[in-house]
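Below is one structure, written out as structure tokens; comments come after it.
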Amino acid sequence: MSRFILIAAAAVLLVVASARAIQFANAAVFTVADADINDDRTVNSGDRALVALGKPIADVNHDGLVNSGDMLIVMTFYGMKVGAVTATSTATPTNTATRTPMPVSSPTSVGAVGRDKFKQPFASTSPWNMPIGSEAQYTPANLGTPSGFFFEDECLYLDPSAPIRTLTGNGHAWPATCVGGPGSLQVRIRDGATIPGGGGSYQPNNTGAAILANNTDVVQEFLASCRSNGTGTAYAGWFLCQQSLSGAGIGPYCAHGGSGLSAVGGSLRSWESAVGTQIKHALKLTMPVSTLNNDADSAECNDGYRWPAITADTGWNQPGGVSEYSGSVKPLCMGSLLALSPQTNCETLVPGELSRRICAALRDYGAYVVDVHPNAPSWRPFTINGESGADAGISGSEIVKLFANLQVLTNNHASSVGGGGTPRAPLAPPIGN
């Protein structure tokens with residue numbers, strides 16, 4: 001997400017409210033299906049977060065704003081499941097815009113031996129793990145010249161033996177602060193791990209995920225986090241999705257605010273820094289807003305994003321705003337899969353050992369755009385997101401050279417992950433733990 005959050009509020013006139021439907025003064029009737037913004041079949045904290053963060057997808061009442069009216073609809077149906085209630089009126093909303101439901105995948109079967117989900121999570125067919133296929137179609141990304149390279153740390157705690165600690169809300173503080181607020185969970189976070197808060201010059205997303213104390217498969221993702229005491233409480237501005245490490249890796253609104261995508265999926269892990277270790281999954285990128293397409297009518301990037309992203313940044317199409325997308329490559333938007341050409345020779349393109357392995361991952365699996373850097377002409381870096389410490393040995397100049405050669409996969413969809421056809425690499429083995 002852009003490092004700034006804008007939340008609007010407005011008065012709303014409610015005429016009729018019930019557990020079945022709510023009707024507004026303009027005769028529009030809204031049901032539980034409208035309140036299920038992220039299409040996970042339940043109205044929950046993910047939908048509430050989308051409204052609180054001012055995401056365009058959260059304009060439930062279609063008045064052109066994301067405000068208290070949308071929150072009212074979400075909270076009216078909070079906790080309800082889609083299909084459990086039906087509307088009593090035949091009236092319809094004044095705006096008939098629809099959202100594309102997100103695909104739901106079954107968890108990978110667990111065998112006696114196999115892949116370690118704590119090192120490489122999610123199903124073999126997850127977009128994070130699927131190789132690019134032989135039918136992939138490419139177009140140049142034309143990313144331009146950056147101000148440099150930047151590695152953005154993510155706070156991943158995926159050790160099921162780590163001690164149980166408290167994760168407390170900080171009242172939606174932005175930038176993140178180590179101050180208590182409403183809500184808390186028991187999660188497993190290793191001792192010694194600290195998370196710096198934000199400041200006036202830089203406001204990091206501080207996305208994170210920690211395994212829940214009572215479940216060694218489910219992780220809680222969170223945003224705008226802080227931890228000053230390496231054995232104490234961690235704080236988070238927003239508790240976002242919970243998801244299985246054996247599942248699809250996409251779904252309800254997760255910790256990358258610009259896209260709703262996962263803090264876990266696509267991360268360059270610290271163990272992958274070891275010499276000779278193959279990176280067998282897609283990576284993820286944070287890009288300058290100037291590189292993403294701002295055409296609201298683009299077939300590839302409707303409303304500023306494409307699958308597997310579930311939203312775009314607040315203000316992505318507001319001229320002159322800090323989050324305005326201003327690129328001209330139509331298929332390049334939030335959620336796009338970028339990759340190097342299949343003909344890329346990584347041994348000759350970059351000299352560094354780690355750079356060559358990142359090059360191979362970008363060629364064979366690609367990388368998803370999950371967030372943006374705000375509109376700042378003097379600061380427009382190219383960024384890889386990964387686990388804290390995974391950047392040891394990375395050469396920024398070599399990574400910038402890789403970015404300069406990236407292309408956009410124009411036919412990456414839920415029905416043809418990686419473009420379809422014969423995968424460039426073997427599928428990840430089934431999860432074994």
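The values are calculated or read from the model by the stated rules, or taken from the named source; none is laboratory data. Predicted model, so just to flag it, every value in this text is computed and none were measured. Cβ: placed from backbone, ideal geometry, glycine included. Neighbour counts: every protein chain shown.
Hey, among the residues in the range 220-247 that are part of a loop (DSSP other than H, G, I, E, B) and of a type in the set (G, A, S), which one's nearest to L156 (Cα to Cα)? Lay out the reasoning, then the answer.
We begin by selecting, within the range 220-247, every residue part of a loop (DSSP other than H, G, I, E, B); these are 228-233, 245-247.
Going one step further and asking which of them are of a type in the set (G, A, S), we end up with 228, 230, 232, 246-247.
Details: S228: 16, G230: 14, G232: 16, S246: 16, G247: 17 Å.
It comes out as G230.
Looking only at the range 395-421, which residues are touching a helix residue (DSSP H, G or I) at 6+ places or on another chain (Cβ under 6 Å) and among the aliphatic types (A, V, I, L, M)?
Those that are touching a helix residue (DSSP H, G or I) at 6+ places or on another chain (Cβ under 6 Å) and among the aliphatic types (A, V, I, L, M): L402, L409.
Filter the range 133-155 down to residues that are modelled with pLDDT of 95 or more and within 20 Å of the chain's Cα centre (by Cα), then give me how many there are.
0
Taking only pairs six or more apart or across chains, which ones have beta-carbon atoms under 9 Å, a first residue in the range 324-347 that is without any contact (Cβ under 8 Å) to a residue 24 or more places away in the chain, and a second residue that is part of a loop (DSSP other than H, G, I, E, B)?
Listed by first residue and then by second, the contacts come to C346/L340.
Search the range 208-230 for residues being in contact (Cβ under 8 Å) with a residue 24 or more places away in the chain and out of contact with any strand residue (DSSP E or B) (no Cβ under 7 Å at 6 or more places or on another chain), and hand back the single one that is farthest from T166 (Cα to Cα). Quick ask: steps written out before the conclusion?
If we filter the range 208-230 for residues that are in contact (Cβ under 8 Å) with a residue 24 or more places away in the chain, which is where we start, we get 208-214, 216-230.
Then drop every residue that is not out of contact with any strand residue (DSSP E or B) (no Cβ under 7 Å at 6 or more places or on another chain), which leaves 214, 216, 228-230.
Numbers: N214: 13, T216: 16, S228: 13, N229: 12, G230: 12 Å.
Among those residues, the one meeting the criterion is T216.
Could you tell me which of the residues C226, C254 is farther than 22 Å from L337 by Cα and buried (at least 22 other Cβ atoms within 10 Å of the Cβ)?
Values: C254 fails: farther than 22 Å from L337 by Cα.
The match here is C226.
Could you tell me which of the residues S298, S336 is closer than 29 Å to S415 by Cα, of a type outside the set (A, V, I, L, M), within 23 Å of the chain's Cα centre (by Cα) and modelled with pLDDT under 95? It would help to see each step written out before you state the result.
On the way: S336 fails: modelled with pLDDT under 95.
Matching residue, one of S298, S336: S298.
Residue by residue, here is whether (1) over 18 Å from S147 (Cβ atoms); (2) crowded, with 16+ Cβ neighbours inside 10 Å; (3) not assigned by TED's automatic domain parsing to the domain that holds A274 holds:
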position	(1), (2), (3)
Q318	yes, no, no
Q343	yes, no, no
R357	yes, yes, no
H373	no, yes, no
A376	no, no, no
I399	no, yes, no
T410	yes, yes, no
L427	yes, no, yes
G432	yes, no, yes
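Failed condition for L143, given (1) assigned by TED's automatic domain parsing to the domain that holds I279; (2) closer than 18 Å to S246 by Cα, with all others met?
Failing condition for L143: (2).
Quick one: in the range 190-219, which of the residues that are assigned to a loop (DSSP other than H, G, I, E, B), under 29 Å from M287 (Cα atoms) and modelled with pLDDT of 90 or more is nearest to the chain's Cα centre (by Cα)?
Filtering the range 190-219 for residues assigned to a loop (DSSP other than H, G, I, E, B) gives 190-194, 196-207, 213-217.
Those still in the list that are under 29 Å from M287 (Cα atoms) too: 193-194, 196-207.
The next check asks that each one be modelled with pLDDT of 90 or more; those that pass are 193-194, 207.
Working: A193: 23, T194: 22, T207: 9 Å.
Once the filter is applied, the top-ranked residue is T207.
Out of all the residues in the range 371-381, is one or more in a strand (DSSP E or B), touching a helix residue (DSSP H, G or I) at 6+ places or on another chain (Cβ under 9 Å) and under 23 Å from G208 (Cβ atoms)? Talk me through it step by step, then tell me what you get.
The first filter runs over the range 371-381 and keeps only residues in a strand (DSSP E or B), leaving 371-373.
So of that shortlist, the ones also touching a helix residue (DSSP H, G or I) at 6+ places or on another chain (Cβ under 9 Å) come out as 372-373.
Restricting the remaining residues to those that are under 23 Å from G208 (Cβ atoms) gives 372-373.
Yes.
Kindly provide the set of residues from the range 265-307 that are assigned to a loop (DSSP other than H, G, I, E, B) and polar (S, T, N, Q), ordered by number.
Of the residues in the range 265-307, the ones assigned to a loop (DSSP other than H, G, I, E, B) are 265-267, 269, 274-282, 292, 294-301, 306-307.
Result: S267, T277, Q278, N294, S298.
So for the range 248-264 (the condition being closer than 22 Å to T410 by Cα, under 16 Å from the mean Cα position of the chain (by Cα) and not in a loop (DSSP other than H, G, I, E, B)), does at least one residue qualify?
yes
So R3 ticks every box in (1) modelled with pLDDT of 50 or more; (2) within 19 Å of the chain's Cα centre (by Cα); (3) basic (K, R) but one. Which box is left unticked?
(1)
Would a scan of the range 200-208 turn up a residue that is touching a Phe, Trp or Tyr at 6+ places or on another chain (Cβ under 9 Å) and either in the same structural domain as A282 (by TED's automatic domain parsing) or surrounded by fewer than 19 Cβ atoms within 10 Å (Cβ to Cβ) (or both)? I'd like the intermediate steps shown before the answer.
Keep residues of the range 200-208 that are touching a Phe, Trp or Tyr at 6+ places or on another chain (Cβ under 9 Å), which gives 203, 206-208.
Going one step further and asking which of them are either in the same structural domain as A282 (by TED's automatic domain parsing) or surrounded by fewer than 19 Cβ atoms within 10 Å (Cβ to Cβ) (or both), we end up with 203.
Within the range 200-208 (the criterion being touching a Phe, Trp or Tyr at 6+ places or on another chain (Cβ under 9 Å) and either in the same structural domain as A282 (by TED's automatic domain parsing) or surrounded by fewer than 19 Cβ atoms within 10 Å (Cβ to Cβ) (or both)), the answer is yes, since at least one residue qualifies.
For residues that are touching a Phe, Trp or Tyr at 6+ places or on another chain (Cβ under 7 Å) and at pLDDT 70 or above, scanning just the range 57-106, find the one that is farthest from E324 (Cα to Cα).
The extreme case among them is I73.
Collect the residues in the range 156-187 that are under 22 Å from the mean Cα position of the chain (by Cα) and closer than 23 Å to D116 by Cβ, keeping them in residue-number order.
Within the range 156-187, L156, Y157, L158, D159, V187 qualify.
Among the residues in the range 310-320, are any out of contact with any helix residue (DSSP H, G or I) (no Cβ under 8 Å at 6 or more places or on another chain) and aliphatic (A, V, I, L, M)?
Taking the range 310-320 first, the residues out of contact with any helix residue (DSSP H, G or I) (no Cβ under 8 Å at 6 or more places or on another chain) are 315, 318-320.
From what is left, the residues that are aliphatic (A, V, I, L, M) are none.
No, because not a single residue in the range 310-320 is out of contact with any helix residue (DSSP H, G or I) (no Cβ under 8 Å at 6 or more places or on another chain) and aliphatic (A, V, I, L, M).
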